[in-house]
Amino acid sequence: MQLFLDLGNSRVHWGVLDKQQWLASGEVAYQELETWQPPDLHIAQIYLASVTSQQNKSKVIAYLQQYWSVRPKIITTQSQAFGVSNAYQQPELLGVDRWLALVASHYYYQGFSCIIDCGTAITVDGLQADGLHLGGWILPGIGLMRQSLLENTAQLNWQAMTTDLMFANNTEAAIENGIQFAVIAMIRQLYQQFDQPPTLILTGGDAMLLQAHLAIPVNYDKLLVLKGLALVAQYQS
């Protein structure tokens, strides 16, 4: 069995793969790592991709070695591999999570696609059918937008709520509706601006929240980055 870990900005996303079948998956915040109970399975190999700080990365590796005497293999971004050509002039500066999402999208989805990863930051990447990466966008995620407003606006006490994207009659709901509407409008515009609409692939923690309001064809793929990591691992085992 193989353990795959995607170390994001705020959370660790993990999955266990055995003979092309995902046996378990989940996520844990870095500050909650000590309370995480890894799957009680025999792990032969561990693959890790990271965009987090070196401190968080070292913390995760040390924690894993309490359970398995397996040294993780670190996966990094490449300029060209697995049928995908990185658009960045300095390929290593493309976040490895974005690179792995591109690899998985090229393998699992057909035609021109746009990958939208809705995490701490929202990243958007275009990918031609032939595997040519077109580059992308980066914007604050929903949580960061909300945090920015709350930190710079007096007398607000935000709490989790469901949204309908309509005009709101209180400030907290107005903020939440406005933030989500802005991101949804961006995704809709992205879909409409090409002569041939791309296949939209959504992943990341806020993807399902947004999917419910999009009203356009989308593919929600929770394990997209881990799938890319598993593909890369096949060639490095």
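A few notes on this one:
- Residue check for Ile187: modelled with pLDDT of 90 or more, touching a strand residue (DSSP E or B) at 6+ places or on another chain (Cβ under 8 Å) and surrounded by fewer than 15 Cβ atoms within 10 Å (Cβ to Cβ): no
Rundown of residues vs (1) in the same structural domain as Tyr47 (by TED's automatic domain parsing); (2) touching a residue at least 24 places away in the same chain (Cβ under 8 Å); (3) in contact with a Leu (Cβ under 6 Å, 6 or more places away or on another chain), yes/no style:
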| site | (1), (2), (3) |
| --- | --- |
| Gln66 | yes, no, no |
| Ser69 | yes, no, no |
| Gln80 | no, no, no |
| Ser85 | no, yes, yes |
| Tyr88 | no, yes, yes |
| Pro91 | no, no, no |
| Gly95 | no, yes, no |
| Arg98 | no, yes, no |
| Val103 | no, yes, yes |
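- Filter result for Ala121 (buried (at least 17 other Cβ atoms within 10 Å of the Cβ) and of a type in the set (A, V, I, L, M)): yes
- Among residues of the stretch 187-237, those that are of a type in the set (A, V, I, L, M), free of Cβ contacts under 8 Å to residues at least 60 places away in the same chain and over 20 Å from Leu102 (Cα atoms), counted: 4
- Members of the stretch 30-86 that are among the aliphatic types (A, V, I, L, M) and more than 22 Å from Leu102 (Cα to Cα): Leu33, Leu41, Ile43, Ala44, Val60, Ile61, Ala62, Leu64, Val70
- Note on the stretch 17-42: residues that are surrounded by 17 or more Cβ atoms within 10 Å (Cβ to Cβ) and closer than 16 Å to Tyr67 by Cβ amount to 2.
- Residue match in the stretch 211-221 (condition: touching a His at 6+ places or on another chain (Cβ under 9 Å), crowded, with 16+ Cβ neighbours inside 10 Å and either of a type outside the set (Phe, Trp, Tyr) or within 13 Å of Ile116 (Cβ to Cβ) (or both)): no
- Among the residues of this structure, Asp195 counts as one that is closer than 28 Å to Ala182 by Cβ, among the acidic types (Asp, Glu) and surrounded by fewer than 16 Cβ atoms within 10 Å (Cβ to Cβ).
- Test for Gly126: is it in contact with a His (Cβ under 8 Å, 6 or more places away or on another chain), of a type outside the set (Asp, Glu), surrounded by 16 or more Cβ atoms within 10 Å (Cβ to Cβ) and not assigned by TED's automatic domain parsing to the domain that holds Trp14: yes
- Exactly one residue among Val60, Val51 is β-branched (Val, Ile, Thr), touching a residue at least 24 places away in the same chain (Cβ under 8 Å) and buried (at least 21 other Cβ atoms within 10 Å of the Cβ), and that residue is Val60.
The values are calculated or read from the model by the stated rules, or taken from the named source; none is laboratory data. Source: prediction; values computed, not measured. Counting neighbours? That spans all protein chains shown, and the Cβs are built from the backbone with ideal geometry, glycine included.
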